[in-house]
Structures are given as structure tokens and as C-alpha cells.
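Novice: Dropping the structure in here first, questions after.
Readers should treat all values here as calculations from the given coordinates under stated rules, not as data from a laboratory. What you see is a predicted model; the values in this text were computed from it and never measured. Counting neighbours? That spans all protein chains shown, and the Cβs are built from the backbone with ideal geometry, glycine included.
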């Protein structure tokens, strides 16, 4: 029965099932994490000492491997000393879900240890600024160049072979060079994001532009469109939705270059925050900060998807880079029925 | 009626009305003149001829259909007239001037749907007018008139993806006609539509053609469609593509569906079929029929 088929090949699921599965895709990993965190016999390899007893190297608050604790407990029992006490815990680098959840709030409230270190919101702001700046600079040159290469074979032949070669060079490889040329502040970080984005951008956008249906171009030609008008009124509007989707995907890639970019020169932004917090062993803050990157990324993409639906009303189904999350923009599409308006009595 | 009784009467033997109609058409000025047109291309060092020696003259407000089996180059002919393809010999004259490239004086309706998906129906019809430098307000007023003519005023703010196939082609016709072309080229415009819609569209096209001063060159592989629409039918053959015959259609106008069974119509159809599907020997294209299972007596 098709109705009960959850695993139909290439069949879209009903909306409620889609929503359920979307929720489950987050619930399942969190559930596994919760089980590992809250059920003592699953893992919990350490003992958190609450009372050191008379064991000389134990102290209150220390985490000790279970085997060592059992050995010392046995020794203390045999010697008739005061017994050490403690309870099983996970290592500090795996905080429980509720601690990380709390860190989403407390991380913003945790003051930096040193007066010149940034707060979390400042770190995030710094990272977003770096991304946006790098992405803008890349797009300012990359989008027009991509359109040019997609439209004219001349520019494609002139540019693309070199760009094809250059895009295989890993952006971080240019880190030392960028610092040497641009200093240690934000400039080299922005440069890494530009290098990481630009070359892919030109090729991907050129490809999208090249996919323009040639029949549309021919139709425009028979309607009297000149050379330049063909580009501005046909080729660009025909590929604008694909270019928009490309930009959304590229923005996601820019985030992956961010962490690499931020360790170049003086460490900055969210990377600095994560590193500092890890050093202070505030792993709940580390997890929260990493999750925040994901949340910013996904919510930006969802916003852009929604915006795309409004910018391009003729194409409400823009391809989504996070299809499962884009539950909106899928309203029922009305198909107007055909039929002649005036009479069909034969004439002539 | 037995088929052997059918023969295509010469239009001159027809009723005085039909004979008179063709005399009047021939007295009109020639809009499109195709002279000794040739198209060939080279692939893997071998020269292939698409067609050769194609000539025809189309008079003002004439409706010409081009029929032919696949590979005869009938679509290529329309594309060369439109200026989208280049010929390799001969010439195409529009009002006596050689055609060198695409232009708004030759409107085209394609088989595929070529409405601009990012423009509303109204904006699609306005496209050519805007390219011609018309102001927004004039273009809009004219587009409204054309949409009214094809009966789609109600859908002027819809996007193409909201329309059915037949409606899309009606918008495409309105868009091409809004430019007031000297000739309307139609390359199998109804081939992708279902049979019922196709019939409606044929009637509709004749209604529009009657109201508008436009000459039509209509490419089709549907012989009934050609017989129903055309004043004259250019029959092309394949391998290599060439003109087989240029037939005056004796079916009187105005045309209506009842004529599909008239003797003139059937005779014309038979004549066309003889060109397109020759029943004579030498047809190497037959499928060998091997009986796989023993079919019962009641199965044919």
C-alpha cells in the first residue's frame, strides 16, 4: 500500500511525515548523547571524587580512572583507613546536553579572563564580519566574471583553464603569504575567504549561466532583442535563480574556510573563543559555540530560501541546500485550467 | 468512399469561388521569396545535405504549411527564414531584402514552450515592443489588446508555469504578433499538445489569422493539420531534402471541422500521404513480423 510506504523510491513523503523525520534527525543524535551522558553504566569511565578519604593523592573534585579508584579503595579497606568516595562521570570534554544548553545562555555571560579578550558576542560579530566582507569582495568580482564566462565562449576560454587550476590550490596554503603581504590583523583572514570562494564562484556561476535554455535566447532574438539586451533581459534573468542558489551554497563553503582563516595571523573571532574556552576546560561553552556556527549557517540559509521565494515569484521551488529544513515555500501550487475564453466556433 | 475514387481536383477545376481565391492571392505582393535555398553541414569530414534547391514565394496574408517526413529539413527551413540558422546557398528575401539574421519582422512560435518564465503573461507579450523601444504604457496597452485577442486577458498577471500548454502557445502567438511581423513562422507549435487542444488551437489560429494582417509559414508533420490550415502546402521529401510538390488546397474557406470528411479534404490528404508514406515497393523500412506465440483465431 502506497499510503503506508515510508521507503517509496523517489516518492515525496506527506508533510507531517517530513516534519516528523526532520525533528527526528535532530532528536536521534541528541538522544544518543543523552543516554551516554545520563545512564551511568553506558560509559562513565571516571570517578569524580567527593571525599578523598585518606588516599594521599586524591582531592575533592578530582576525576580519577575507575580502575585506579577501585585499586585505592581496596587498599584503603585493607589498611582500615577512611574510604574515599565519589561517583561515576564522563570525561570533561563530553559535557551533558543540559550543560551545553545552559551554555547557550551562560557563554554570553561568561566574562573574558583577560580584559582585552572579546566576549562571545564580540567574537561572533567578528567572525560574521570577516565572512561577509570576504564573501562580498569575492562576489563583486566573481559574479560578473562568472556571467561573462557563461555567456561568451571567448571569456570562458580565456579565464576558466587558469581558474580551474587555481581552485585546486587549497586556500590555507596561502596563509603565510597573506600574512606576509597583508599583515596579521583581519586583512589576511578576509583574503583566505576570498581565495576559498572566488575561484569556485566563477566556475559554478559560469556553469549556471551556460545552462540557460538556448530556445529562450532564440525566441528573444526573433522578438528583436539586440546583443546586450539578450544578456541583460534574457540570460541574466533566466539564470538568476540558479545563481542565487549557487550563492547560498557558496556562503556555506565560506563558513568552512572561516575557522582556517581565523587562525592565520592573530587568532580571532569564534575560533579564538573556542580555543580559549577549551584551554580553560569550559567544554560546554566550546560545544555551544560550535553549535552556534551551525545555527547561524542554517538560519541564514533558511532566511535566504524564504527571501528567494519572494524575490523570484515565478520559481517558488528554489533548490535548497538544506532541503529537509525548508518546510515552508512548499505551499500548494495552483494550476490554472486551460480552455478558450471566447467561443470556439470555427471562423475563416 | 473507396479510396480509388478520390483524386485531387486541380484548384482551377474547383468552384469559381476557390479558383477566384487563388487568383486573388497570386495578385498580392510577394512577402517572402525563398530562392534555390541549400543547407548542408560537415560532420566527420563528410558533407551532409539537409536540403537543396528549395524555392517558394509567399504572398501577403497567405497561409503556407510545410509538411514532410522527419529529416527533410522543414524546421531548418523555418529557422533559416527566421535568421537563426545560416543557409549554405541560395537566398531568402523578405519584401525583396535579403535576410541576414534574426529580426522582429519575422516572428516565430516554437514547438517547445519559450515564454520567459520570469515574466508575467503581460510582460511576455510586451517584451518585443519594449525591445523595439516602445514606452511602458504604450507597450502595456498593446499587450492587453493582443491578450484580449487570444482570450487570455484574465491571466495577464499569471506566470507561464501557471498556464496549460495550449494557453502558453496562445501567449506565444500573441507575443510574436504584438511585434507586427511581416511573416509569422510557426515550427510545429501544436505538436506537444494533446489532440483535443490541438484541434482547438487550429481553429483559434485561423480566427486570429483572419483578424490580423499577417502571413504565416507553418511547419508541421500532421497532414490533417496542414490540410485544415493552409492555402498552399509545400511537400518536402527527405534524403536529401527537396521540394516534392507545392499543392493548392482546394478545401474552401472558411474552414470548419465538418470538412474533415469532405471529398476535397480526403483527396488532399491522400495526395499528401502518397508523398510522405509511399506505399510502393522499395520501402526497406518494414518491420519483420515474427510470430512468437500461437494467437487464437479471434485475435488479429
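Novice: Rounded to two decimal places and with Rh computed the Kirkwood way over Cα pairs, what is Rg over Rh for segment B:15-105?
Specialist: That ratio equals 1.05.
Novice: Also, I was wondering about something else. Restricting to the protein assembly as shown, what percent of DSSP beta bridges are antiparallel, rounded to 5? Could the numbers behind the result be given before it?
Specialist: Values: 31 of 50 bridges.
The answer is about 60 percent antiparallel.
Novice: Taking only Cα atoms, what is the 0 to 90° angle, nearest 10, from helix A:15-38's long axis to the longest principal axis of chain A?
Specialist: 20 degrees
Novice: Given labels modelled 7 Å from the Cα in the Cβ direction, how far is it in nm from residue A:77 to residue B:137?
Specialist: 10.0 nm
Novice: For segment A:107-325, compute Rh as the Kirkwood radius over C-alpha pairs and then the Stokes-Einstein diffusion coefficient at 20 °C and 1.002 mPa s; write the answer in µm²/s, rounded to an integer.
Specialist: 111 µm²/s
Novice: From zero outward in steps of 5 Å, how is the percent of C-alpha pairs of segment A:198-288 spread across the bins?
Specialist: Each 5 Å bin holds this share of Cα pairs: 3, 12, 15, 13, 11, 9, 8, 7, 6, 6, 5, 4, 2, 1.
Novice: Can you quote the Å³ per residue value for the convex hull of the Cα atoms in segment B:113-160, rounded to an integer?
Specialist: 71 Å³
Novice: Where does each of B:262-268, A:309-315 land if you order them by average Cβ count within 10 Å, highest first?
Specialist: Answer by packing, highest mean first, reads B:262-268, A:309-315.
Novice: Continuing with the same structure: For a quick check: sort A:135, A:26 by the number of other beta carbons within 10 angstrom, fewest at the front. Show your work: numbers first, answer last.
Specialist: Working: A:135 25, A:26 10.
Fewest-to-most ranking of A:135, A:26: A:26, A:135.
Novice: With 19 Å as the cut-off, how large is the P(r) tail for segment A:79-164, expressed as percent of Cα-Cα pairs?
Specialist: Percentage above 19 Å: 70.
Novice: In whole Å, largest first, what are the principal axis extents of the Cα atoms in segment A:37-91?
Specialist: Computed over the Cα atoms, the extents are 34, 18, 13 Å.
Novice: Which three extents, in angstrom, do the Cα atoms of the protein assembly as shown have along their principal axes, listed largest first?
Specialist: For the protein assembly as shown, the Cα extents along the three principal axes come out at 132, 73, 54 Å.
Novice: Over 24 Å apart: what share of the alpha carbon pairs of chain B falls there, rounded to a whole percent?
Specialist: Tail of the P(r) past 24 Å holds 57 percent of the pairs.
Novice: Here's something else I'd like to know. What percent does the relative contact order of chain A come to when contacts are Cα pairs within less than 8 Å and at least six residues apart? If you can, show how the numbers build up before the last one.
Specialist: Details: 367 pairs, mean separation 55.9, N = 348.
Relative contact order here is 16 percent.
Novice: By count of other Cβ within 10 Å, fewest leading, how are B:142, B:42 ordered?
Specialist: Fewest to most other Cβ atoms nearby, the residues stand as B:42, B:142.
Novice: For chain B, what proportion of DSSP beta bridges, expressed in % and rounded to the nearest 5, is antiparallel? Kindly include the intermediate steps, with their values, before the conclusion.
Specialist: On the way: 23 of 42 bridges.
Within chain B, antiparallel bridges account for around 55 percent of the total.
Novice: Rounded to the nearest 500, what is chain A's calculated 222 nm mean residue ellipticity when only DSSP H runs of at least 4 contribute -39500 (n - 2.57) each, over all residues?
Specialist: Numbers: 11 runs with 205 residues, N = 348.
When only DSSP H runs of four or more count, the value is -20000 deg cm²/dmol.
Novice: Then there is this: To the nearest 10 degrees, how steep is helix B:263-276 against the longest Cα principal axis of chain B, on a 0 to 90 scale?
Specialist: On a 0 to 90 degree scale, this one is about 80.
Novice: Would you compute, for the Cα atoms of segment A:1-41, the largest minus smallest coordinate along each principal axis and list the three values in descending order, in whole Å?
Specialist: Computed over the Cα atoms, the extents are 43, 17, 14 Å.
Novice: Helix A:236-262: angle to the longest alpha-carbon principal axis of chain A, degrees 0 to 90, nearest 10?
Specialist: 20 degrees
Novice: If you don't mind, there's one more thing I want to ask. By its C-alpha gyration tensor, with a ≥ b ≥ c as the square roots of the eigenvalues, how is segment B:96-199 shaped: rounded for a/c under 1.5, else prolate for a/b larger than b/c, else oblate?
Specialist: Note, shape of segment B:96-199 comes out oblate.
Novice: Can you put A:283, A:69, A:165 in order of Cβ neighbours within 10 angstrom, beginning with the fewest?
Specialist: Listing A:283, A:69, A:165 from fewest to most nearby Cβ atoms yields A:165, A:283, A:69.
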